[in-house]
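Visitor: Pasting a structure here, questions to come.
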Amino acid sequence: MTGRLLITNGLVIDAVGKMEAVRDILIVDGKIKEVAAGLSKKKAVPGTATIDAKGLWVIPGLVDMHVHLREPGREGDETIATGTMAAARGGVTTILAMANTEPVTDNPSQLAFLRAKAEADALVTVLFAGAVSVGLKGERLTEFARLRAAGAAALSDDGRPVMNAGLLRRALEYAKDLGLLVIDHCEELTLSAGGCMNEGADSLRKGVKGSPWAAETVQVARDIALAQLTGARVHLAHLSAAASVEAVRQAKKRGVPVTAEACPHHFALTSDMIPGYDGNWKMTPPLRREDDRSALLAGLADGTIDAIATDHAPHGCAAKSQGLDLAPFGIIGLETSLAVVLTELFHKKVLSRRQVVERMSAAPAALLGLKDRGTLAPGTRADLALIDPDAVWTPQSPYLSLSRNTPFSGRRLKGRVVKTLSAGRVVHAL
């Protein structure tokens, strides 16, 4: 990206730089050159384009460290091109794509193919996780050093947990030596098997098998123990249960190198909201009770939960129309995540403006070791989102994602992305 762009009059919010003030931002050749008051009043440089951000927040582009793009193998549900279009609409400028593609991203050649595909098709930055185990089977570790050399940004079997504790121990030890983050999907499959929503009164009323909160927390406790044993970092995906949040809180107090994320659907919705047997409300882990949702809010507020991620999981309408029993797990979230966060966390005074930016941009960037993202410091990549925090809107089809599986369709949200810039280039505008 070449050229000069001046963004004026916006409320600049940078959690890393601890800034919340009306400032101008000068972007030169895709990087942030200067952030200061009154830049627009200086002598104009010919060829400088201007965006007036008066009344808007200007924040670092969001970093979503948990996304499923489906390419290759299920391009009818999502592609790198459509997934990154959806990301741009949601203010997300960097995503980490999980390895459960078809074939699985478990070798350097597959990773090289995906990185080349992203270079050609992606509207925003796509990073890729390499699989922890070959074929996601949980039997044999992939070649971590070769995956890292090929550009893997993290390691995860997400979509499936690493059930074998001995295998995960070795994975953590090897990943620690290589400086790679291991992200684990915490689900004890013998407890959750056949469950299609949270186990409890709601599942009993519907007459469907439920998955208990312990299916998650048992694995959370195991992963914490392995992180303590090895001294290696482990990141826990999509926490949903109150007991899981408390386990992470206590582990952090003991100095265990554990981090965690939560998804907007888990802290905005509960199992008693599920209309009938609508498969668009089916995800793993499932929506849980109000006390679990409240625990997630508390964990986000006090920093027990480090990051907010979508677990964007596209599925076609035919698959999702099969109802709770037969529909696949997962919902889309890239286009609505920030709006849900502003509606449920900022406007309800759970998180401050700066904390929203911290959880959705600065923290995930730091977890992935991205020193040029998550901040608006001079010299960093000019990934930004311009936000109207008070805009009221209702998500509805058509979405930019190829899939439509979201429980947020028709739900009133407050806060919307007005523009998204990737390396100084406008990639989304209302």
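Visitor: In degrees between 0 and 90, to the nearest 10, how far off the longest principal axis of the chain does helix 80-89 point, with axes built from Cα atoms?
Guide: Its long axis makes an angle of about 60 degrees.
Visitor: Could you sort 67, 22 by accessible area so the largest value comes first, with the probe set to 1.4 Å? Intermediate results must be reported in sequence, preceding the final value.
Guide: Working: 67 0, 22 85 Å².
Accessible-area ranking of 67, 22, largest first: 22, 67.
Visitor: Roll a 1.4 angstrom probe over the protein heavy atoms and tell me the percent of accessible area of segment 205-364 that is carbon or sulfur. Spell out each step's value before the answer.
Guide: Values: 2900 of 5200 Å².
Result for segment 205-364: 56 percent of the exposed heavy-atom area is carbon or sulfur.
Visitor: For segment 245-307, what is the largest minus smallest coordinate of the Cα atoms on each principal axis, given in angstrom and ordered from greatest to least?
Guide: 44, 17, 16
Visitor: Could I ask something else about it? Quick check of the Kirkwood formula: for segment 320-382, what is the inverse mean of 1/r over all pairs of different Cα atoms, in Å?
Guide: Averaging 1/r across every pair of different Cα atoms and inverting gives 14.2 Å.
Visitor: Could you state the accessible area per residue of the chain in Å², with a 1.4 Å probe and every protein chain left in place?
Guide: Value for the chain: 38 Å² per residue.
Visitor: Give me a comma-separated list of calculated 3J(HN,Hα) values for segment 392-397, in order, Karplus coefficients 6.51, -1.76, 1.60 applied at θ = phi - 60°, integers in Hz, x for any Gly or Pro.
Guide: 9, 8, 10, x, 6, 5
Visitor: Based on the Kirkwood radius over alpha-carbon pairs, what value in µm²/s does the Stokes-Einstein equation return for the translational diffusion coefficient of segment 1-120 at 20 °C and 1.002 mPa s?
Guide: The Stokes-Einstein estimate is 128 µm²/s.
Visitor: Also, quick follow-up: Can you order the peptides 290-302, 49-61 by their average number of other Cβ atoms within 10 Å per residue, highest first?
Guide: On the way: 290-302: 18.5, 49-61: 20.2.
Taking the mean over residues of other Cβ atoms within 10 Å, the ranking is 49-61, 290-302.
Visitor: Now, a different point. As I understand it, the value is the acute angle between the Cα axis of helix 214-230 and the longest principal axis of the Cα atoms of the chain; what does it come to in degrees, rounded to 10?
Guide: For helix 214-230, the angle is close to 70 degrees.
Visitor: Can you run phi through the Karplus equation (6.51, -1.76, 1.60; θ = phi - 60°) for segment 408-423 and list ³J(HN,Hα) in whole Hz, with x for Gly and Pro?
Guide: Computed from phi, the couplings for segment 408-423 are 8, 4, x, 8, 5, 10, 10, x, 8, 6, 8, 8, 10, 10, 10, 6 Hz.
Visitor: Using C-alpha positions alone, give me the convex hull volume of segment 83-216 per residue in cubic angstrom.
Guide: Enclosed volume per residue, from the Cα hull, is 134 Å³.
Visitor: Quick one: Cα centre-to-centre distance for segment 414-430 and segment 106-166, in angstrom?
Guide: Each part's Cα centre sits 29 Å from the other's.
Visitor: Oh, and also: How many nm is it between the label spots at residue 139 and residue 412, if each spot is 7 Å from the Cα in line with the beta carbon?
Guide: Between residue 139 and residue 412, the label points sit 5.4 nm apart.
Visitor: For segment 8-74, what ratio Rg/Rh do Cα atoms give with a Kirkwood hydrodynamic radius?
Guide: Ratio of gyration radius to Kirkwood radius: 1.14.
Visitor: Please report how far the C-alpha centroid of segment 286-356 lies from that of segment 39-93, rounded to the nearest whole angstrom.
Guide: Their Cα centres are 20 Å away from one another.
Visitor: Mind checking the angle between helix 165-178 and the chain's longest principal axis? C-alpha axes, 0 to 90 degrees, to the nearest 10.
Guide: 30
Visitor: Still on this model: Residue 317 accessible area, nearest 10 Å², 1.4 Å probe?
Guide: 90
Visitor: With +1 on each Lys and Arg Cβ and -1 on each Asp and Glu Cβ, and nothing else charged, work out how big the dipole of the chain is about its Cα centre, in Debye to the nearest 20.
Guide: 1120
Visitor: With unit charges on the beta carbon (Lys/Arg positive, Asp/Glu negative), name the residue among 83, 343, 136 whose Cα is farthest towards the positive pole of the charge dipole of the chain.
Guide: Final value for the positive-end residue is 343.
Visitor: Just tell me which lysines come within less than 30 Å, Cα to Cα, of residue 414; anything on the same chain fewer than 8 places away is out.
Guide: Partners within reach: 18, 54, 282, 320, 348, 349.
Visitor: Oh, and also: Assigning unit charges at the beta carbon (Lys, Arg +1; Asp, Glu -1) and nothing else, what dipole magnitude in debye, to the nearest 20, does segment 1-158 show about its Cα centre?
Guide: It works out to roughly 800 debye.
Visitor: Here's a follow-up. Could you give the radius of gyration (one decimal) and Dmax (whole number) of the Cα atoms in the chain, in Å?
Guide: In order Rg, Dmax, the Cα atoms of the chain give 20.8, 70 Å.
The values are calculated or read from the model by the stated rules, or taken from the named source; none is laboratory data. Note that the structure is predicted; figures quoted are calculated from it, not measured. Don't worry about glycine lacking a Cβ; one is built from the backbone with ideal geometry, like all the others, and counts go over all protein chains shown. These area figures cover heavy atoms from the full protein model, side chains too; ligands, DNA and RNA do not enter into them. Shrake-Rupley method; radii C 1.70, N 1.55, O 1.52, S 1.80 Å.
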